[in-house]
Amino acid sequence: MIDFLPILRQIVVYVFFLTGSYFLLSTAVGMIRFPDLYTRLHASAKCLMAGGISILMGCIVLEGIGFVSLKLIILLLFLLITNPIANHVIACLDHSNTMTPNPISKNRS
Amino acid sequence: MKKKLLTFMLTLGLWVVFAGRMNIQVMMFGTIICSILSHLLANSVFRFVHLNGGPKQIVIKITYMFFVFSAFLYDVFLSAVKVSRQAFAWNPSFSPRIVKLKTSDENSSDIGIFAHFLTCTQGALALDFDPLHKNYVIHWIDVDSDAEAETRKALIRKQEHLVAKIFHSEG
């Protein structure tokens, strides 16, 4: 009889990895294509976090219950804390230097 | 002393998790580093913790935090899908706008966590916080009209109340 649990686990892992890869790729594309600093920060804040969460969740499911998974969960928590802070610091520095975002809808690249 | 001991135990726990093995050298080195960290950081870490109430209250709050955290993760993914759609669009269109949003929160943890929350959700990015006038400075990526801006502000206020409940005693 076929054991469905490992197959199901593999499918879940692939789904997480594909989702994570898509979001990480969209972060890179967004960083190149978006017109100004603030919109690029949107890409780095949201897509990078979603991609990171997906990849790490995939690793956790692949690894199963264990010590490595605990490490990955702590890494996930650190990612959740540090990514918005980094974005906030960059945005805050830029805002305090009185740069305003471009009111444009056209891609410059 | 209690604060230092708790910080020491937490940092030592993290050290053990990341070291991945237990022997006398690892534990000695960890103990030295965690002692220094707890001596330096204990006061500043606990200055930001404002949880109060009995055990029952704390259990309710932890459950509440779990729901808020789940909603936060859902929002992160929803927002990431919207941004990634723009990234791969043939002609991406943006309507960037910077707005100020007044808050009634006094609690610094509350303000920090909500700024954190804002950065990952709803096409918004927390740029700055003006402590004098209690204003969040927010950048929106896709708000076209004033009516939409008002709707967004109302939504943000609703989220702010949800986050604020974590630190208020009524839970």
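We did not get these values from a lab; they are worked out from the coordinates using the rules stated. Everything numeric here is computed off the predicted structure, so don't read it as measured data. In this analysis, Cβ positions are derived from the backbone assuming ideal geometry, glycine residues included, and neighbour counts consider all displayed protein chains.
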For region B:85-92, in order, what is each residue's ³J(HN,Hα) by Karplus, 6.51 cos²θ - 1.76 cosθ + 1.60 with θ = phi - 60°, in whole Hz (x at glycine and Pro)?
4, 5, 5, 9, 5, 5, 10, x
Which residues' amide hydrogens lie under 5 Å from the amide hydrogen of B:Phe129, considering only partners 5 or more residues apart or on another chain, with H built in the peptide plane?
B:Val137
Inter-chain shielding metric for A:17-26, i.e. average beta-carbon neighbours from other chains within 10 angstrom, reads 3
Counting only DSSP beta bridges with both residues in the protein assembly as shown, what percent are antiparallel, rounded to the nearest 5?
90
Could you work out the local net charge near B:Glu160, counting Lys and Arg as +1, Asp and Glu as -1, over the other residues with Cβ closer than 11 Å to its Cβ?
+3
Within chain A, which whole H helices from DSSP have a Cα span along their axis of at least 27 Å and a mean Kyte-Doolittle hydropathy of 1.0 or more, if any?
A:4-33, A:67-96
Value of D in µm² per second that Stokes-Einstein yields for region B:1-102, Kirkwood Rh from Cα pairs, at 4 °C (1.567 mPa s)
71
Label A:Leu77 and B:Ser93 with points 7 Å out from Cα along Cα→Cβ: what is the distance between them in nm?
4.4
Counted neighbours (other Cβ, 10 Å), sorted fewest up, put B:Trp140, B:Trp15, B:Trp90 in the order B:Trp90, B:Trp15, B:Trp140
For the protein assembly as shown, the convex hull over Cα atoms projects on average to an area in nm² of 19.9
Using θ = phi - 60° and the Karplus form 6.51 cos²θ - 1.76 cosθ + 1.60, what ³J(HN,Hα) does each residue of region B:113-122 get, whole Hz, x for Gly and Pro?
5, 5, 4, 4, 4, 5, 4, 9, 10, 6
Checked region A:5-96 against the a/c 1.5 cut and the a/b vs b/c comparison, axes a ≥ b ≥ c from its Cα gyration tensor; verdict oblate
Comparing B:Ala115, B:Ala124, B:Ala89, which has the greatest mean-square fluctuation in the GNM of chain B with Cα pairs linked when under 10 Å apart?
B:Ala89
For B:Ala71 and B:Asn23, calculate 0.36 nm times their separation in residues minus their Cα-Cα distance, and state this gained length in nm to one decimal.
13.2 nm
Tell me, what HN-Hα J-couplings in whole Hz come from the Karplus equation 6.51 cos²θ - 1.76 cosθ + 1.60 at θ = phi - 60° for each residue of region B:60-70, using x for Gly and Pro?
4, 5, 5, 4, 4, 4, 4, 5, 4, 5, 5
Cα gyration tensor category, rounded, prolate or oblate, for region B:2-49 with a/c compared to 1.5:
prolate
With labels modelled as points extended 7 Å from the Cα through the Cβ direction, what inter-label distance (nm, one decimal) is found for B:Ile60 paired with A:Ala86?
3.9
For the pairs B:Lys100/B:Lys134; B:Lys61/B:Lys100; B:Lys102/B:Lys153, note any where the Cα-Cα span goes beyond 18 Å.
B:Lys61/B:Lys100
Computed from every Cα-Cα pair in chain B, P(r) in 10 Å bins starting at 0 and rounded to whole percents is 9, 26, 27, 22, 12, 3, 0
DSSP loop trypsin sites (Lys or Arg not before Pro) with at most 15 other Cβ within 10 Å excluded, longest remaining stretch of chain B:
B:22-133
